[in-house]
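Structure, as structure tokens:
Just so it is clear, none of the values below were taken in a lab; they were calculated from the coordinates. Everything numeric here is computed off the predicted structure, so don't read it as measured data. No Cβ is skipped: glycine too gets one built from the backbone with ideal geometry, and neighbour counts run over all protein chains shown.
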Amino acid sequence: MGLMDKIRGEFIDVIEWTAPSENEIMAYRFRRYNNEIKMGAKLTVREGQAAVFVNEGKIADLFQPGLYELSTQNMPIMTTLNSWKYGFNSPFKAEVYFIQTKQFTDLKWGTANPIMMRDAEFGAVRIRAYGTYVIKVVDPKTFVQQLVSTDPEFEVYEISTQLRNVIVSRFADVLAEAKIPVLDLAGNYDKLGKFICDRINDEFTAFGIDLLNFYIENISLPSNVEEVLDRRTAMGVVGNIDAYIKYQSAEAIRDAAQNPSGGAAGIGAGLGAGMGIAQRMMESLGTHTGTPAATPPPLPGSVVYYAGIGGAQQGPFDLAALQAKINSGEITRDTLLWRQGMANWMPAGQVTDLAALFAATPPPLPPQK
């Protein structure tokens with residue numbers, strides 16, 4: 001190696017970086033080692049890149065995509081900082097960072113712990129959510145100052161945790177402000193995603209990064225709440241309970257008829273089973289279908305009467321109910337009453353046990369003269 005070859009080897013005259021397409025490096029420091037960059041060197045900045053020159057710890061120049069021959073014309077800040085005195089042909093030392101300005105897609109976010117929210121229908125509920133987002137470096141200088149610093153290879157994972165924490169924190173705030181019912185969240189993923197993207201983008205730009213898209217893939221409830229929703233949905237699917245009962249009975253008869261060893265007894269048993277199922281469903285769902293449950297018998301030891309009012313039997317009435325009807329005039333002394341142990345119906349005024357009830361009622365007014 002001659003003297004001139006050795007001298008040439010000490011200078012860098014081509015500066016470029018080609019990263020694989022699947023590479024997740026956001027910033028790469030050009031490997032200069034102890035070599036110096038000579039004036040007139042070629043700088044290649046490809047699409048999806050930016051080159052940041054750092055001189056003595058300060059950002060000196062920024063180059064967008066293109067082919068450059070380093071000179072005083074395209075390095076005004078570097079030229080001013082170094083103040084070359086020899087025709088500006090002297091070599092210089094500078095750190096060169098290539099910043100990827102492409103989109104970094106399919107970055108994951110999710111709630112490590114459930115988020116508590118208040119729902120108008122279910123009250124306080126806990127939800128989990130996850131999805132993806134897309135970012136891009138839009139301000140290489142800020143990105144180098146705030147994140148890269150002296151890191152020779154700054155990768156996505158080094159900032160993704162911080163960004164994910166920002167997303168989850170703001171996601172909880174947005175849910176509380178939106179006041180969207182739990183059952184309607186699935187239909188508002190797109191709306192929520194855009195709202196969150198606009199809400200937190202300012203916090204990303206503080207790092208020189210732009211949040212381009214934010215996607216919600218799923219919002220889920222605890223398993224016990226989902227089970228309750230499934231039961232409610234099943235009740236809605238049943239719809240007409242009478243038709244469902246008939247269908248269950250028909251299914252029971254069909255299954256019994258298909259059993260060759262059952263015969264007529266099997267059909268009868270199947271019909272009985274179907275009717276039993278139907279009756280149990282009616283009893284359990286009576287409060288939901290509007291059908292009242294069977295009237296319980298009177299308490300032991302209480303005396304109840306039946307009354308003939310308007311030509312129809314009504315009752316049973318306990319003493320308190322009788323007093324109310326006497327006071328309202330529905331039952332008079334001539335109204336026929338009967339209770340267990342009486343041989344026949346009797347006018348109420350002749351029932352000794354009810355004398356005290358009529359004593360509290362004033363007699364009718366005398367006829368007007």
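Assorted remarks:
- Annotation for Asp255 and Val14: the two label points, set 7 Å from Cα along the Cα-Cβ direction, are 8.0 nm apart.
- Net length gained if the chain between Gln146 and Ala321 were fully extended (0.36 nm per residue, minus Cα distance): 54.7 nm
- Listing Glu47, Glu203 from fewest to most neighbouring C-beta atoms within 10 Å gives Glu47, Glu203.
- Cβ charges +1 (Lys, Arg) and -1 (Asp, Glu), total dipole of segment 109-240, debye: 380
- Ordering of 134-143, 111-120 by packing [mean C-beta count within 10 Å, highest first]: 134-143, 111-120
- Each of Thr44, Thr352 was scored by other Cβ atoms within 10 Å of its Cβ. Arranged with the fewest first, they read Thr352, Thr44.
- Label-to-label distance, Ala355 versus Ser169, with points set 7 angstrom from Cα along the beta-carbon direction: 8.6 nm.
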